[in-house]
Amino acid sequence: MRCHTPFLILFASLGVALAARANEQLLQLPMEALLAIEISSASRKPQVVQSVAAAVFVISRDDIARSGASNIPEALRLAPGVEVARIGNNRWAVSIRGFNGRFANKLLVLKDGRSIYSPLFSGVVWEAEDTLLDDIERIEVIRGPGAAMWGSNAVNGVINIISRSASDTLGTQAVASVGRHESGLVSLRQGFKLAGGDIRLSFKGFDMAPGKSSDGTPGNDRWQAGRIGLRGDWQAGDGARWTMLGETHRTRADDRLDYTRYNAVPAQFDIDERHTGTHLVLRHEQPMADGGQVDWQFSAETTDLNLQTLIRESRQTYAGEFQRRLPLGRHELTWGASYRYSRDRLEVTSPTIFGVGAFSQPRRNWRNASVFVHNDYALVPGEWRLSGGLRLDQDSWSGLQAQPDIRLAWTPDPATTVWSSLSRATRTPSRLELDVPFKFSETPAIPPYIPGITTLRLAPESGTLRPEKVTALELGFRQRVTEQLSIDMSAFVSDYTGMVSLVMLAPQVVSPQLVNAIFTNNNAARARTHGFELAADWRVSPAWRVQSHYSRLYLSSPRLSDPAAAAAQDEWEGRVPRHRVSLRSSWMLPRGNQLDVWLKHTSRLNSPAVPAVTVLDLRYAWRVRPGFELALVGQNLLKARHQEFVADYVPIVQTDIGRSLTLKGTWRF
């Protein structure tokens, strides 16, 4: 597809939207069907999307079901500004506004307010973070820094995956699906009343078949997982709400390392990734007589990640937080505190990669204590609102970090909002960046005059690696043009300083036959991103809805003289897709049947090179009878196979993304 195709798709969708505006009397749909959706993650309180002074988007339960997605990363493609690239059948790169990678480190992801950000990789292990999609109420996406409310690592955005209340899932549901790549999926859910409240028990298990490499050979990216979930909700007489959530899972995700990229001698070997985990969350929400609310939450989690023959991490994490929301006339004050304690045991099991240097930290304790305050002030009630906040994080790895923001919203009428924000956020270095040395490559000697070269990355000296920082300026416009049409636009510029990058140190001559090329991490790099995002939602008729979004992104990084740092900067810039387009059309057919068409386009990546890709998905759902639905989902239908991303963090054998067809049956009774 030629490079101007994204604009043709965008202009076509906007043309349709303008046509709708010209015929405002065509339909009369409920106003609340558009921007009256509530979001709670932007300011840690319920707000109507229309009034939020941030770039926000809500992926609804219906959106997820009609997308045909079978996992969380694929569902995130529904949101504008979110970069989702599939690396293989069990691996994804997910980010917002640049710096994408398998463990993209500038995005904070929450499940019901519980962080699933990995301190080991400084990112999310997506293959281990699955759930029963039918149990998701909505996914709230905040683009841009959210650290003033949520703390460190909310650099480019926050994603909060919010589950449905147990009271909304009473009864029984069973789902079974089978397809070309999805060898089999089974899920069961049972909701019932107990002890004056509602309880939900759920199970999900699946087997995803391996894909194929670009040369047609079988890959090693099989994905198997099983999980059991629990949620309970109780309502007290004084309006207090109690919620208990728990889950245990076991995941296997195969992989194949391609060490040929770093060695003169070809070397590939298969590994198994085994991930087990259990967590428990207890939350209490208490409305107060002054119109405010007191919330607290406690969570405990244990995980074990075993990349066999490479590295193994066992981790226990305990977290507690308190929040008080207090109305004070034209002010609404929100303040709170949190404490997070995590301890790990790290074992490096690969002499090939990690058997270098001194690994002196097999155990690490990490503590984060924070306080925050946020004030929302009605400058002109009903028209101008000024809000600002500050969060102080005291991190045992990185010290004290201050993360403020200030936001201004103008609502000249109930259907229009213009907003701007200025914010600052930090990203904490990962455990691997701080502590673990590893070997990049090994070139054998050629006697008698040419020595062998071993390329090593040593852990930086203690206390020398500092958090990355970003300062972001954003501007947005949101309008309900008619009762049927809404548009949302945002533009941004973000400056990053103290970015972690490789630098070359003086080589070490071990012997006439061996020289060590030494690298380490420091904070010398800088970068800037800027771009804009557009989204439109048009209810053409009571039975037809069209949604579209477009994202444009630029990234530049002033070149450092160090060749290793410059190479990293080339990759930062080269992994940015300049254009991303999504166009979805959903029809409600007679007798409750559904038809969905989804066209997506992503422009090329330059370093490493990945061609532009256009993808077409189709879904047809047939309501066989009340309580029983069959859905046929076709994904990636335009090409037999395509590539979306080249793995960055771990040198793996790349597998292509293949065309798939899945049949799914859902029973509810």
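Computed quantities for the displayed model
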read-out: For peptides 164-175, 76-87, 557-568, sequence by mean Cβ density within 10 Å, most packed first; value: 76-87, 164-175, 557-568
read-out: Cleavage-rule hits, trypsin sites (Lys or Arg not before Pro), segment 392-451, DSSP coil, Cβ neighbours within 10 Å at most 14; value: none
read-out: Cut-off under 5 Å, modelled amide H: who pairs with residue 221 long-range; value: 211
read-out: 3J(HN,Hα) from dihedral phi, segment 504-517, Karplus parametrisation 6.51/-1.76/1.60, rounded to Hz, x for glycine, proline; value: 8, 9, 5, x, 10, 8, 7, 6, x, 9, 8, 10, 9, 8
read-out: Degrees between helix 563-574 axis and first principal axis of the chain (Cα, 0 to 90, nearest 10); value: 30
read-out: Furthest towards positive pole of dipole, 472, 564, 620, structure part segment 5-668, Cβ charges; value: 620
read-out: Protection proxy ranking, peptides 132-141, 200-209, average beta carbon neighbours within 10 Å, highest first; value: 132-141, 200-209
read-out: Estimated D of segment 220-338 in µm² per second, where Rh is the Kirkwood radius over Cα pairs and Stokes-Einstein applies at 20 °C, 1.002 mPa s; value: 118
read-out: Calculated from backbone phi, Karplus (6.51, -1.76, 1.60) coupling profile of segment 534-543 in Hz, x at Gly/Pro; value: 10, 9, 9, 10, 10, 8, 4, 8, x, 10
read-out: Helix 5-22 axis, angle to the chain major axis (alpha carbon atoms, nearest 10°); value: 10
read-out: Estimated dipole of the chain in Debye, rounded to 20 [Cβ of Lys and Arg +1, of Asp and Glu -1, Cα centre]; value: 580
read-out: The chain: relative contact order in percent, alpha carbon pairs under 8 Å with at least 6 residues between; value: 13
read-out: Amide proton proximity set for residue 638, modelled H, under 5 Å, gap of 5+; value: 616
read-out: Amide hydrogen neighbours beyond the local backbone of residue 560, cut-off 5 Å, H modeled; value: 566
read-out: Computed over segment 384-427, Cα set: Rg, Dmax in Å; value: 14.9, 47
read-out: Loop-resident sites, segment 451-502, for GluC sites (Glu not before Pro), counting at most 14 other Cβ within 10 Å (DSSP); value: 461
read-out: Listed residue (342, 109, 76) projecting farthest to the positive dipole end of the chain, Cβ model; value: 76
read-out: Those chymotrypsin sites (Phe, Trp or Tyr not before Pro) in segment 397-466 that DSSP places in a loop and that have at most 11 other beta carbons within 10 Å; value: 449
read-out: Flagged links, alpha-carbon separation over 29 Å, of 639/664; 106/664; 106/600; 204/439; value: 106/664; 204/439
read-out: Relative contact order for segment 417-553, counting Cα pairs under 8 Å that sit 6 or more residues apart, in percent; value: 24
read-out: Quotient of C-alpha Rg and 2.2 N^0.38 Å, computed over the chain; value: 0.96
read-out: For the chain, calculated [θ]222 nm from helices alone, where every DSSP H run of n ≥ 4 adds -39500 (n - 2.57); value: -2000 deg cm²/dmol
read-out: Note, ³J(HN,Hα) from phi for segment 624-638, Karplus 6.51, -1.76, 1.60, rounded to Hz, x at Gly and Pro; value: 5, 7, x, x, 9, 10, 10, 10, 10, 10, x, 10, 6, 7, 7
read-out: Relative contact order %, segment 89-208, counting alpha carbon pairs below 8 Å whose residues are six or more apart; value: 21
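Readers should treat all values here as calculations from the given coordinates under stated rules, not as data from a laboratory. Here the structure is a predicted model, which is why all the values come from computation and not from measurement. As a convention, Cβ positions derive from the backbone with ideal geometry for all residues, glycine included, and neighbour counts pool all protein chains shown.
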